[in-house]
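Everything below concerns the one structure shown next.
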Amino acid sequence: MLRSVLAHRLGRASIAVLAVMVLLVVLGPLLAPYDPLAQDASALLQGPSVTHWLGTDDLGRDTLSRLLAGSTLSLVAALEAVAVGLVLGVVPGLLSVYLGRTFEWITLRLMDAFVTLPFLVFAVAMSALLGNGLHQAMLAVGILLSPAFYRVTRAAALPVGSAPFVEAARLTGAPAGFVLRRHVWPKVVPAVAISTASLLGASLVIVSSLTFLGIGIQPPAPTWGGVLATDLQFLYQQPWAPFVPAVLIMLTVGACNGLADVLRDVTGQPTRRPRRTVRV
């Protein structure tokens, strides 16, 4: 699959962008030329210069250092939310096909309930209940992403569940775990991989939106959404400032969506993307 993805120009470009973002996650805080939390009252709202390549914010903090250090929090938070949604969506989606109608009915009603939850209200409620921390906010995001994983997994597993080779494995007395692992999971992986790539981009947008609003992050910790929110407050003094964090977010989201499109092409999956309706 990797060779097939690299054979596409869009696939190579998407993987290259994501590789750069992974390097920022690992090396971003180390590459920051200044302490991202250090304030300098003599260098407030300065423009780009040799000393500060992207200028400084309203507290005199180096913008480039805050963006580099914020890469880790922003991207790891998006990965954490997708991981929560993956576990809460894929596992019940697989089991709903094989554990009988009672389990199927319960999981379907539960996922329908998650879909109807107002996104912002649920995120605020989870933060108020568990504390305004990044992990608590990502738990809320992951819960709201799980219906997309559930639907995709269930749709991919249903045809396999009635396939002759699965019925033959059941008749020979093969355990349900063996059937799922050996016969069903390989057929579901391509659809799950596409959903993961697509929802990773959506998760980054959600994470950036939450941190933009001050939810899930404790100031003065830097994130891309937080830096963007600060820059927009002083747009008149620094009209160029929001450009870099916005481009970082757009490049990462575009690379995730491009990778999902290429995976869909090389695996021959349906063209419909999983969608999560965000209700405010």
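We did not get these values from a lab; they are worked out from the coordinates using the rules stated. What you see is a predicted model, and the numbers here were worked out from it, not measured in a lab. A quick note on method: Cβ atoms are made from the backbone with ideal geometry, for glycine too, and the neighbour counts reach across all protein chains shown.
Grab the Cα-Cα distance for I106 and L130, subtract it from 0.36 nm times how many residues apart they are, and report the gain in nm with one decimal.
Result: 6.1 nm gained on full extension.
If you take Cα Rg over 2.2 N^0.38 Å from the coordinates, which of [x] 1.16; [y] 1.01; [z] 1.21 do you get?
Computing Cα Rg over 2.2 N^0.38 Å and matching it to [x] 1.16; [y] 1.01; [z] 1.21 gives [x].
Sorted by average packing, counted as other Cβ atoms within 10 angstrom per residue and highest first, what order do 89-101, 233-245 take?
Result, highest mean Cβ count within 10 Å first: 89-101, 233-245.
Please list 3J(HN,Hα) in residue order for the stretch 231-248, calculated via the Karplus relation 6.51 cos²θ - 1.76 cosθ + 1.60 where θ = phi - 60°; whole Hz, with x for glycine and proline.
Going residue by residue, I get 5, 5, 5, 10, 5, 5, 7, 9, x, 8, 4, x, 5, 5, x, 5, 5, 4 Hz, with x marking Gly and Pro.
Any idea how far apart V91 and A38 come out in nm if each label point goes 7 Å out from Cα toward Cβ?
Output for this residue pair reads 4.5 nm.
What Kirkwood hydrodynamic radius, in Å, does the stretch 142-193 give when the mean of 1/r is taken over all pairs of distinct Cα atoms and then inverted?
Value: 11.7 Å, from the Cα pair sum.
Using the beta-carbon distance between V115 and L6 and R0 = 51 Å, what value does 1/(1 + (r/R0)^6) give for FRET efficiency, to the nearest 0.05? Let's see the in-between values first.
Working: r = 36 Å, r/R0 = 0.70.
It comes to 0.90.
In µm²/s, what is D for the stretch 1-86 at 20 °C and 1.002 mPa s, where D = kT/(6 pi eta Rh) by Stokes-Einstein and Rh is the Kirkwood radius from Cα pairs? Write down the numbers at each step before the final one.
On the way: Rh = 14.8 Å.
Approximately 144 µm²/s, per Stokes-Einstein.
If you take the Cα Rg of the stretch 58-183 and divide it by 2.2 N^0.38 Å, with N the number of residues, what do you get?
Normalised by 2.2 N^0.38 Å, the Cα Rg of the stretch 58-183 equals 1.43.
So what is the 222 nm mean residue ellipticity for the chain from helices alone, if each DSSP H run of at least 4 adds -39500 (n - 2.57) and you divide by all residues, rounding to the nearest 500 deg cm²/dmol?
Details: 11 runs with 193 residues, N = 280.
Computed ellipticity for the chain at 222 nm equals -23000 deg cm²/dmol.
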